[in-house]
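The values are calculated or read from the model by the stated rules, or taken from the named source; none is laboratory data. Since we're looking at a predicted model, the values are computed, not measured. Here the Cβ is made from the backbone with ideal geometry for all residues, glycine too, and neighbour counts use every protein chain on show. For the accessible areas, the whole protein counts, side chains as well, though only heavy atoms, and no ligand, DNA or RNA atoms are used. Shrake-Rupley method; radii C 1.70, N 1.55, O 1.52, S 1.80 Å.
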Amino acid sequence: MSSKAYETACELVRSLATTRTDLQVLMNSGINPFFMIYAFADCGIPLPNCFSRELLWKHLDAILEAQCWRGLGSNHAYAQNSRGTRVAHVSSNFCQKSDDPEGIIGLLTLNRNNVPFTLEADSMPVHKLNIVITDNYWVANGDMGTIWYDAQDLEDEDVASFAMIDTLTRVLPHCRGGILEVRSNNVRLLWGVCGAPSGAWPVVMSICRGHDVFLRGRWDELKGLSPRLYAHLGRGSAPVPTRNADIVDRVMEELGILKGTAAYRSMASHLMR
């Protein structure tokens, strides 16, 4: 989201906190969990008790490992100086969709006006997908069946995006016109779903838009799901959705942004098998 939208969202968070709203309701509103980490820190407000501390620490560990901490603390001055003077005039339509593609301001506005936002109230059907990644293995399961995959030739930073791409080639037609809620305990995957697209993630976003699918990420420990378990079970015992040829062709076109790279060669090799 743009800096202007982020500041407005922070003002709304402050407003919710000062009215003694139970901020745990935001956990069920589909709000980006990484937005909550930074906005609550910049506003000097404790995260809700139900917010996963494991996600918080995994996120901090991952940004240190990836050496992408440059933005940390950049809004500290705003947090100290803001008095929320514009909060009373905030509207969910105040900015363009490009400023706030996830509609975070709208969700916060609904909660601020004591209008509960629930998945049931949303007119779009919600399809849930669980993805667990261990090293270069992943398992994904949902209404369409279970996928187990091994991509040992992919670099660590490419595994999450390809796991998402491969899964979408199999389940996307089933989700047309709806919300695909991806639950995972992998921080890199949630970064890709919830954050600014980079690497192969623009491909994910493009093919989702092409099928009118809104992608949403949620943290879930998914302790009962393990790629290593599926590696040793008869994989023919559960339905495995096959890749859709048309979507594979579209992905191959979109992957042109990575052409010439090792990631492109590896992903193309897997998709064309």
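When S226, S184 are checked against the criterion of being among the hydroxyl-bearing types (S, T, Y), over 15 Å from the mean Cα position of the chain (by Cα) and under 23 Å from K58 (Cα atoms), a single residue qualifies: S226. Residue pairs whose Cβ atoms lie under 6 Å apart, separated by 6 or more positions or on different chains, with the first residue in region 28-57 and among the acidic types (D, E) and the second modelled with pLDDT of 85 or more, are D42/C10.
Whenever a residue of region 100-125 is at positive phi and in a loop (DSSP other than H, G, I, E, B), its partners that are open to solvent by less than 70 Å² (accessible area, probe 1.4 Å) and at pLDDT below 75, lying with C-beta atoms within less than 9 angstrom and at least six residues away or across chains, give the pairs G103/G30; G103/S92; N114/T21.
Among the residues that make up region 17-35, is at least one of them basic (K, R) and modelled with pLDDT of 85 or more?
Filtering region 17-35 down to residues basic (K, R) leaves 20.
Those left that are additionally modelled with pLDDT of 85 or more: none.
No, there is no match, as no residue in region 17-35 is basic (K, R) and modelled with pLDDT of 85 or more.
Between a first residue in region 212-228 that is within 12 Å of T134 (Cα to Cα) and a second residue that is among the hydroxyl-bearing types (S, T, Y) and surrounded by 13 or more Cβ atoms within 10 Å (Cβ to Cβ), which pairs have beta carbons less than 8 Å apart while being 6 or more apart in sequence or on different chains? Listed pairs, sorted by first residue: S226/T134; P227/T134; P227/Y137; R228/T134; R228/Y137.
Of the residues making up region 16-54, not one is over 22 Å from the mean Cα position of the chain (by Cα), among the polar types (S, T, N, Q) and open to solvent by less than 20 Å² (accessible area, probe 1.4 Å). Residues in region 175-217 that are open to solvent by less than 40 Å² (accessible area, probe 1.4 Å) and part of a strand (DSSP E or B): 8 in all.
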